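The values are calculated or read from the model by the stated rules, or taken from the named source; none is laboratory data. If you're wondering where the values come from, they're calculated on a predicted model, not measured in any experiment. All Cβ positions, even for glycine, are placed from backbone atoms using ideal geometry, and neighbour counts span all protein chains on display. For the accessible areas, the whole protein counts, side chains as well, though only heavy atoms, and no ligand, DNA or RNA atoms are used. Shrake-Rupley method; radii C 1.70, N 1.55, O 1.52, S 1.80 Å.
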Amino acid sequence: FSFGVIADVQYGDLDDAKNFSQTKWRYYRNALYLLREAVQHWKKENRIQFVLQLGDIIDGFNTRRKNSENALAAVLKEFEDLPFAVHHVWGNHEFYNFSRSYLMESPLFTAQLGKTSQNCHGKSDSTKDLVEKEADAAYYDFCPHKGYRFVVLDNYDISMCGRDVESPQYKKAEEILRKLNQNEDMNSPEGLEGFDCRFTMFNGGMGERQLQWLRETLEGARRRGEKVVVSGHVPVHPDSCYMLCLLWNYQDVLDILQEFADIVLAYFAGHDHGGGYCYDSGNEIHHVTLPGVIEVPPGSNAFGTVDVFPDRLVLHGLGTLSSRVMGKGS
């Protein structure tokens, strides 16, 4: 079977502009055309079962124009009447535009697709043996094909983005940042050295309950003899992205993935618009960070189709996304 991948579309009805560091151009309107091109490509290929949309589907600047809902409607229109499912991951720009409670009621909340998936034995997935999720949890798993499980993580579980200021997750995130980031604007990494530069508001972390859920989900997959692909908006391996773009508690996630290295094949993410890749040879897990569509100039693109074989994943990249064969041991 096959699936599509795309990340960081960040559409807005806005003029092209430089990024925050003034190093790259962002093509806000063109991003919608690139998304349309990707969807048309997948429809024409007629072989994918679903798409992993890895987050930041619209840009945060839409809030300044009070245009968030119109921008979201425009991108969602591109996903109408498709012969395949779309699984939406939440990134920081979703939370710049909407509250978590809004997203829970929106088409971007696709956790229900996990509830309706069937496991390898043709029965509904049982979660009775898993840790109980929070009411507003956006992480979930699904089984698109016998012998395979996909895990969608919520990398902004512990965050100051999208959370109510009185929530324990907001307060925990604020505690973490204020301890490490002394800047008035905590989106700035100024003064932070090495990997500490990841402690900014545009990144986030995963709470203990989600980490426990991830471990138990992987234990269940191992018992069923399933192979697993994990996804999240934020990268978790230091060699797969610029260190500014790492998950706050990336090592906690890596430790769990490494514990289940016999079944985890890959981790797909976005967030770092330059993209990245590393093969964790010690654990034989591939970490793929997709380039951001928002920074792809007209005439190119950044998306791909992944073919799943018993012994490998084959990524067919288009535009700035590199193609690669990803197997255990290679």
Just for helices (runs of 4 or more DSSP H) wholly inside segment 27-122: which have at least 1 residues that are free of Cβ contacts under 8 Å to residues at least 60 places away in the same chain and acidic (Asp, Glu)? 68-77
If you check every pair at least six apart or on different chains, which have Cβ atoms under 6 Å apart with a residue in segment 281-309 that is in contact (Cβ under 8 Å) with a residue 12 or more places away in the chain first and a residue that is among the aromatic types (Phe, Trp, Tyr) and open to solvent by 10 Å² or more (accessible area, probe 1.4 Å) second? HIS286/TYR279; VAL288/TYR277; VAL308/PHE1
Determine, yes or no, whether GLY282 is open to solvent by 10 Å² or more (accessible area, probe 1.4 Å) and touching a Cys at 6+ places or on another chain (Cβ under 6 Å). no
State all residues of segment 297-314 that are farther than 21 Å from TYR267 by Cα and in contact with a His (Cβ under 9 Å, 6 or more places away or on another chain); if no residue qualifies, say none. ASN301
Since ARG224 meets every condition but one in (1) in contact (Cβ under 8 Å) with a residue 60 or more places away in the chain; (2) open to solvent by less than 70 Å² (accessible area, probe 1.4 Å), which condition does it not meet? (2)
Name, by its number, the condition in (1) modelled with pLDDT of 95 or more; (2) surrounded by fewer than 16 Cβ atoms within 10 Å (Cβ to Cβ) that does not hold for LYS18. (1)
Pick from segment 130-166, criterion modelled with pLDDT under 95 and small (Gly, Ala, Ser), ranking: most open to solvent (accessible area, probe 1.4 Å): ALA135
Cβ-Cβ under 8 Å, sequence separation 6+ or interchain: first residue in segment 167-192 and open to solvent by 100 Å² or more (accessible area, probe 1.4 Å), partner small (Gly, Ala, Ser) and assigned to a loop (DSSP other than H, G, I, E, B). Which pairs? GLN182/GLY191
Check whether at least one residue in segment 246-256 is among the hydrophobic types (A, V, I, L, M, F, W, C), surrounded by fewer than 21 Cβ atoms within 10 Å (Cβ to Cβ) and under 16 Å from the mean Cα position of the chain (by Cα), and report yes or no. yes
Could you please tell me which pairs satisfy a Cβ distance under 7 Å, a separation of 6+ or placement on different chains, a first residue in segment 193-218 that is within 16 Å of LYS133 (Cα to Cα), and a second residue that is among the aromatic types (Phe, Trp, Tyr) and surrounded by 23 or more Cβ atoms within 10 Å (Cβ to Cβ)? GLN210/TYR139; TRP213/TYR139
Is at least one residue of segment 197-207 over 19 Å from ASP272 (Cβ atoms) and either in a loop (DSSP other than H, G, I, E, B) or of a type in the set (A, V, I, L, M, F, W, C) (or both)? yes
Given the structure, is THR305 open to solvent by less than 60 Å² (accessible area, probe 1.4 Å), closer than 30 Å to ASN19 by Cα, over 14 Å from the mean Cα position of the chain (by Cα) and of a type in the set (Val, Ile, Thr)? yes
